[in-house]
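To start, the structure under review is shown below, and the notes come after it.
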Amino acid sequence: MAESKPDKSRPEKLGEWKEELPLIPLRNMVVFPQMIVPLFIGRSKSIKALEDTLAKEKMVVFCSQKNEEVEEPGPKDLCTIGTLSEVVQMLALPDGTTKVLVEGICRVRIEKFIPDAPYFRVAISRVPEPEEFSGEAEALVRTVIKQFEDYVKLNRRIPSETLMSIINVDNPGRLADLISSYLTLKVEEKQAILDAITVEKRLKKLSDVLEKEIEVLNVEKKLQ
């Protein structure tokens, strides 16, 4: 399960950004901003990218594959919105894979792929987050929180204290990302929320997903 981070600015990290950074494709995972996530990396190119990143800037871009069954994805196989992340910890495992702990920083748009690199390197641009929020966003927040309360009551795998931590989040965009990270969704559903640039669109997509998930859980409850 992903772990949330306090909602604070990271000027010391943002100032270290480079326009070109390594990119690591993910098969069945979406990394959201402001979350600490453990990942298991198996591809040799991706492990090399992590090793170089840890020795240098410690920053990398994660993005999801459009089709997780593609063994060697190319640029066209990857989503265009990813997450700039800091590599916090890396551990080589006996089976040849690498476990890495990363912290999502913010959404980024992949502008172009840099040719002739031993692994994916990309030019990125930051996707800005608003500092002020509309009345529509505030109304959507209330709807989403109520839906998440219903979801937690039906899904006992999520501890009740998680709900309390969600309620205390005062940033609508981060609230949407945080709730999305706790939901058991298909990768394409989570990616659609990551792709949602405006906070209103992000909350609407999340609300639609929650509504569908609640309906499924209610049916399962009746069957039981």
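Here are a few things to note about the model shown:
- Restricting the stretch 209-224 to residues that are part of a helix (DSSP H, G or I) and open to solvent by 100 Å² or more (accessible area, probe 1.4 Å), the residue that is modelled with the highest pLDDT: GLU215
- Taken over the stretch 186-203, the criterion of being buried (at least 18 other Cβ atoms within 10 Å of the Cβ) and of a type in the set (Lys, Arg) is satisfied by LYS190, ARG202.
- Qualifying residue in the stretch 51-63 (condition: in contact with a Cys (Cβ under 9 Å, 6 or more places away or on another chain) and surrounded by 16 or more Cβ atoms within 10 Å (Cβ to Cβ)): yes
- If the condition is being open to solvent by less than 40 Å² (accessible area, probe 1.4 Å) and touching a Ser or Thr at 6+ places or on another chain (Cβ under 9 Å), then the stretch 110-136 contributes ILE110, TYR119.
The values are calculated or read from the model by the stated rules, or taken from the named source; none is laboratory data. Remember, it's a predicted structure, so these values are computed and weren't measured experimentally. FYI the Cβ positions are ideal-geometry reconstructions off the backbone, even for glycines, and counts take in every protein chain you see. Just the protein is used for accessible areas: all its heavy atoms, side chains included, with ligands, DNA and RNA removed. Shrake-Rupley method; radii C 1.70, N 1.55, O 1.52, S 1.80 Å.
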